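J.: Please see the structure below; I have some questions.
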């Protein structure tokens, strides 16, 4: 029962996250609230995404759980070093994408810059470095439990599905430039064949 509740909560989190990121909801909010109120949208979106994810993590910690495996020494040291590297890549990726815009503060200050495709730095190796680093971090958790497996599996599925829709939106926004970028840069795993969505 606890596992089903966690699957449902994870799906609900993904649905909320996707709906709030969709162009349809953003357009409806713009019509209802006006252009100036939309400057707050990104910040509120991030707040709701983080708050709802914290609730999901709290739920996973409160429900009955069972340990599936634990990475033994010395391999746990290796996985923790790789996790630390993933955190560094996440920080670098957020900085590279303009941390103030990523959080939503630049929009509030009225300094939203014209959007462009980021293809340098980490984006030279994969089109979605934040997702790649995040996936490496979660799947190298030293101790895996059933509840973590459900949450991590849900997040992974959400990212894979979300990338599909995000890439379609980027092609609509940037056209041939993004299509060409897809052709020369892997989606999530560096050095894999380049596949377009």
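J.: Based on the Kirkwood radius over alpha-carbon pairs, what value in µm²/s does the Stokes-Einstein equation return for the translational diffusion coefficient of segment 15-75 at 4 °C and 1.567 mPa s?
T.: In µm²/s, the coefficient is 89.
J.: Rounded to the nearest 10 degrees, what's the angle between the helix 75-96 long axis and the longest principal axis of the chain, both from Cα atoms, 0 to 90?
T.: Its long axis makes an angle of about 10 degrees.
J.: Compute the helix-to-body angle for 146-174: its Cα long axis versus the longest principal axis of the chain, expressed 0 to 90° and rounded to tens.
T.: Orientation of helix 146-174: about 20 degrees from the principal axis.
J.: Once you have a ≥ b ≥ c as the square roots of the Cα gyration tensor eigenvalues for segment 68-136, tell me rounded if a/c is under 1.5, and otherwise prolate or oblate according to whether a/b is larger than b/c.
T.: prolate
J.: Could I ask something else about it? For residue 70 and residue 54, calculate 0.36 nm times their separation in residues minus their Cα-Cα distance, and state this gained length in nm to one decimal.
T.: Net length gain for the segment: 3.4 nm.
J.: Right, another one. Compute the relative contact order of the chain as a whole-number percentage, counting only Cα pairs closer than 8 Å that sit 6 or more residues apart in sequence.
T.: That works out to 29 percent.
J.: How far apart, in nanometres, would the label points at residue 176 and residue 141 be if each is projected 7 angstrom from Cα along the Cα-to-Cβ direction?
T.: According to this spin-label approximation, the distance is 4.6 nm.
J.: When the helix-only estimate is applied to the chain (DSSP H runs of n ≥ 4, each -39,500 (n - 2.57), divided by the residue count), what is the mean residue ellipticity at 222 nm, nearest 500 deg cm²/dmol?
T.: -22000 deg cm²/dmol
J.: How much length would be gained if the chain were fully extended between residue 35 and residue 109, taking 0.36 nm per residue of separation minus their Cα-Cα distance, in nm to one decimal?
T.: Length gained between residue 35 and residue 109: 25.3 nm.
J.: Okay, next question. Using alpha-carbon positions, what is the distance between the centroids of segment 17-59 and segment 74-133, in Å?
T.: 20 Å
J.: Any chance you could give the angle, 0 to 90 degrees and rounded to 10, that helix 23-33 forms with the longest Cα principal axis of the chain?
T.: 60 degrees
J.: A further question follows. Return the distance in nm (one decimal) between the two label points of a simple spin-label model at residue 1 and residue 95, each offset 7 Å from Cα along Cα→Cβ.
T.: Calculated label separation equals 4.9 nm.
Every number here is computed from the coordinates shown, using simple stated rules; none is lab data. Since the model is a prediction, treat every value here as computed from it, not as a measurement. Virtual Cβ from ideal backbone geometry, glycine too; neighbours counted across all protein chains shown.
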